[in-house]
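Chemist: Attaching a single structure in structure tokens format; questions to follow.
What follows is calculated from the coordinates using simple rules that are stated; it is not laboratory data. These numbers come from a predicted model, not from an experiment. Quick reminder, even Gly has a Cβ in these numbers, built from the backbone with ideal geometry, and neighbours come from all protein chains shown.
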Amino acid sequence: MKIRMVCATRVEAASFATQTALGRSLALYPFPFVELRLFASNSAGLPFCYNTAIREAASDPCTLVFVHDDVHLLDFFWPDRLTSGLRAAQVVGIAGCRRRRPRQVSWRYTDDLRTMEQAANLSGAIAHGAGWPATGVSYYGPIGAEVQILDGVLLAAQSASLIAAGIAFDERFDFHFYDLDFCRQCTDKGLKLATVPLPLVHESGGGFGTPSWSRGRDAYLTKWGD
């Protein structure tokens, strides 16, 4: 087992372990098989950083975990949960949607008005807040389901699976919509996506509707047409 956590952060490398949720979490779990590929003091888009990690893994295969820096990992069995999930699917995450609709702008919303996807199509759970106990837990639906779209807060895959399928993150997206685009590429190439029961707290609520989000939406719809 070799797991490589891939994280881009604006924080300096020396402060990552104390000033970010992910850094503090990883400091609790000094597993010898977990590595950190950190893009510190970063100003590049997430796809650029994630693609760099995929290219590096061509000569050093591993399980790649693309994860935001504001994530608290709450379970010291998290490596086992990811590894188990990747035995059944090629890409796993913590929340997602079983189907993709035309012009869908999020895994949980069907349109720009934040119309929630039908509950029967959702899977996973995410806690929100600055730590644990969390401010609240959003439960979306039964976990362990095959899905078409995953939330980009945490995405995991075997590097060999991505490389064999020719999958890379599209660098026209900086932060928003890179996950929808990535998942769509994966499903088009026949990769299976699924949710896993991985407890975490996400500090950020996202930027739905912001100008940068709108630019990402426009770029996504221009690329795919629907």
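Chemist: Mind checking which of CYS186, GLY216, SER41 is farthest towards the positive end of the chain's charge dipole, using Cβ charges of +1 (Lys, Arg) and -1 (Asp, Glu) about the Cα centre?
Modeler: Projecting each Cα onto the dipole axis, the largest value belongs to CYS186.
Chemist: Mean-square fluctuation check for the chain, GNM, Cα pairs under 10 Å: which of LEU180, LEU28, LEU82 is largest?
Modeler: Among LEU180, LEU28, LEU82, the largest GNM mean-square fluctuation belongs to LEU28.
Chemist: Here's another thing I want to ask about it. For the range 3-224, give the magnitude of the charge dipole about the Cα centre (Cβ charges: +1 Lys/Arg, -1 Asp/Glu; no others), in debye to the nearest 20. Walk me through the numbers on the way to the answer.
Modeler: Working: 21 positive and 21 negative charges, 113 e Å.
Its charge dipole is roughly 540 debye.
Chemist: Does the chain come out rounded, prolate or oblate, given a ≥ b ≥ c as the square roots of the eigenvalues of its C-alpha gyration tensor, rounded meaning a/c under 1.5 and, failing that, prolate meaning a/b above b/c?
Modeler: Values: a/c = 1.29, a/b = 1.22, b/c = 1.06.
Cα axes put the chain in the rounded bin.
Chemist: Another question about this same structure. For the charge dipole of the range 3-224, defined by +1 on Lys and Arg C-beta atoms and -1 on Asp and Glu C-beta atoms about the Cα centroid, which residue among GLN148, SER59, VAL6 has the Cα displaced farthest towards the positive pole?
Modeler: GLN148
Chemist: Report the residues of the range 182-226 in range of a label on ALA88: point 7 Å along Cα→C-beta, backbone N strictly under 19 Å from it.
Modeler: 187, 191-200
Chemist: Give the separation of the Cα centroids, the range 119-180 to the range 11-48, in Å.
Modeler: Spelled out, the Cα-based centre of one part sits 19 Å from the other.
Chemist: Which residues in the range 140-174 have a backbone N closer than 17 Å to a point placed 7 Å from the Cα of SER59 along the Cα-to-Cβ line?
Modeler: 160, by backbone N distance to the label point.
Chemist: Which ³J(HN,Hα) values in Hz, rounded to whole numbers, follow from the phi angles of the range 157-169 under the Karplus curve 6.51 cos²θ - 1.76 cosθ + 1.60, where θ = phi - 60° and Gly and Pro get x?
Modeler: Working through the residues one at a time gives 7, 6, 4, 5, 5, 5, 5, 4, 8, x, 8, 9, 6 Hz.
Chemist: Give the lysines reachable from LYS2 as a straight Cα distance under 30 Å; neighbours fewer than 8 places away on the same chain don't count.
Modeler: Partners within reach: LYS189, LYS192.
Chemist: Still on this structure: Please give the FRET efficiency for TRP224 paired with ARG114, using the beta carbon to beta carbon distance and R0 = 30 Å, rounded to the nearest 0.05.
Modeler: Working: r = 21 Å, r/R0 = 0.68.
E(calc), rounded to 0.05, equals 0.90.
Chemist: Are there chymotrypsin sites (Phe, Trp or Tyr not before Pro) in the range 69-113 that DSSP marks as loop and that have at most 14 other Cβ atoms within 10 Å, and which are they?
Modeler: Working: sites: PHE76, PHE77, TRP107, TYR109; in loops: PHE76, PHE77, TRP107.
Passing both the DSSP loop test and the Cβ count: PHE76, PHE77.
Chemist: Farthest toward the dipole's positive end in the range 66-224, which of SER204, LEU86, GLN104, given Cβ charges of +1 (Lys, Arg) and -1 (Asp, Glu) about the Cα centre?
Modeler: GLN104
Chemist: Among THR63, THR115, THR187, which one shows the highest mean-square fluctuation when the chain is modelled as a Gaussian network with alpha-carbon springs under 10 Å?
Modeler: Top of the fluctuation ranking is THR115.
Chemist: Now, a different point. Report the residue, chosen from SER25, SER43, SER159, that carries the largest GNM mean-square fluctuation when the chain is represented by alpha-carbon nodes joined by springs under 10 Å.
Modeler: In the Gaussian network model the winner is SER43.
Chemist: Assuming R0 = 22 Å, what is the FRET efficiency of LYS2 and GLU171, from their Cβ-Cβ distance, to the nearest 0.05? Don't jump to the answer; show the numbers that get you there.
Modeler: On the way: r = 26 Å, r/R0 = 1.18.
About 0.30, to the nearest 0.05.
Chemist: Name the trypsin sites (Lys or Arg not before Pro) in the range 10-44 that are in a loop by DSSP and that have at most 16 other C-beta atoms within 10 Å, would you? Mind showing how you got there, number by number?
Modeler: On the way: sites: ARG10, ARG24, ARG37; in loops: ARG10.
Hits after loop and neighbour filter: ARG10.
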